Number of protein chains: 2
Amino acid sequence: MGIEIERKFLLHHDAWNKLVKPVGKSLRQGYILNDPAKTIRVRIAETKAWLTIKGITLGASRLEYEYEIPLEEAKELLDNFSEGELDKIRYEIDYQGKTWEVDVFSGDNDGLIVAEIELLSEDEDFECPEWIGVEVTGDKRYYNASLTTYPFKDWTA
Amino acid sequence: MGIEIERKFLLHHDAWNKLVKPVGKSLRQGYILNDPAKTIRVRIAETKAWLTIKGITLGASRLEYEYEIPLEEAKELLDNFSEGELDKIRYEIDYQGKTWEVDVFSGDNDGLIVAEIELLSEDEDFECPEWIGVEVTGDKRYYNASLTTYPFKDWTA
């Protein structure tokens, strides 16, 4: 169990593109349950996979339960039970003692880049690197679960 | 992963009550997702717990994925995410080389007793003990997921 507290930001793409980055990790994920009150996600990160249950977001916090599952079963769960999928490359960037997770989306969410920082409390202070832009914590359109049903490509269409 | 193939029967209660039974196991379970196409169940059996994802039933078969999870997390998942719960005592009875699982329900399903036998194929032959009554495989009212929302006490009300 855990309470997940995180804040989410858009990026200044020019500054991000100029950054020398570590190697990213390819993530494939889908939702077995995609409901405002709870989500059940299956995520594959290369050779490992997880099943994650998350509660409703209150402020920047939500309940989260995560279980590692066999890779082959994760593929079957996505194939049989998921209603939409996301693909993205995740970069982990250390900055001033904290780790930023930057997701570069592809497919129907191509062009979207989002950075998240996990905090120990909702009022924890942290420094933003120069490539961090406007905050979008709490904006439901940026929820990964929403991006499977209302992807970035449709936002300005 | 597995394909679960099982058949379900009601019991002759008199014959069942006369049977000398092994000690039963107390089960508490609820559904995080309860939908005709898929269910996600949390089950606590005394000191152990599991998260189980099942697909739609076709004949006597369905896809099933089961993961053991920590007991405390199972309790939190039931408290936070389940919309209805079932309590029952499960007896495992060996008969002619097969194991029957007999569930004696309590609470809103008090009075209901159901026996299940897991098979290797849909046409596998097996012997029924004398306390086995009419078959109810495929009758949706007897699905455990249904019994949380439409319990036995309401059937004849």
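The values are calculated or read from the model by the stated rules, or taken from the named source; none is laboratory data. As the structure is a computational prediction, the values presented were derived from the model and not from experiment. Cβ coordinates were reconstructed from backbone atoms using ideal geometry, including for glycine residues, and neighbour counts include every protein chain displayed.
Summary table
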| quantity | calculated |
| --- | --- |
| Residues of segment A:130-157 satisfying the condition of being assigned to a helix (DSSP H, G or I) and in contact (Cβ under 8 Å) with a residue 60 or more places away in the chain | A:Tyr142, A:Asn144, A:Ala145, A:Leu147, A:Thr148, A:Thr149 |
| Where A:Glu83 falls short, out of the listed (1) touching a Gly at 6+ places or on another chain (Cβ under 9 Å); (2) part of a strand (DSSP E or B); (3) within 14 Å of chain B (Cβ to nearest Cβ) | (2) |
| Checklist (1) out of contact with any Leu (no Cβ under 7 Å at 6 or more places or on another chain); (2) farther than 18 Å from B:Ile56 by Cβ applied to B:Phe152, failing item | (1) |
| Answer from A:Gly84, A:Gly59 - the residue that is in contact with a helix residue (DSSP H, G or I) (Cβ under 8 Å, 6 or more places away or on another chain), modelled with pLDDT under 95 and of a type in the set (Gly, Ala, Ser) | A:Gly84 |
| All strands (runs of 3 or more DSSP E) inside segment A:1-66 with 2 or more residues being more than 14 Å from every other protein chain (Cβ to nearest Cβ) | A:2-11, A:25-34, A:38-45 |
| B:Leu51 vs. criteria on the phi < 0 side of the Ramachandran plot and over 15 Å from the mean Cα position of the chain (by Cα) | no |
| From the options A:Lys75, A:Lys88, residue that is in contact (Cβ under 8 Å) with a residue 24 or more places away in the chain and buried (at least 22 other Cβ atoms within 10 Å of the Cβ) | A:Lys88 |
| Segment B:101-129: number of residues that are surrounded by fewer than 16 Cβ atoms within 10 Å (Cβ to Cβ), among the small types (Gly, Ala, Ser) and outside any helix (DSSP H, G or I) | 3 |
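So that you can scan it fast, the table gives a plain yes or no per residue for (1) in contact with a strand residue (DSSP E or B) (Cβ under 8 Å, 6 or more places away or on another chain); (2) within 21 Å of B:Glu68 (Cα to Cα); (3) not acidic (Asp, Glu):
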residue: A:Gly24; (1), (2), (3): yes, no, yes
residue: A:Thr39; (1), (2), (3): yes, yes, yes
residue: A:Ala49; (1), (2), (3): yes, yes, yes
residue: A:Glu83; (1), (2), (3): yes, no, no
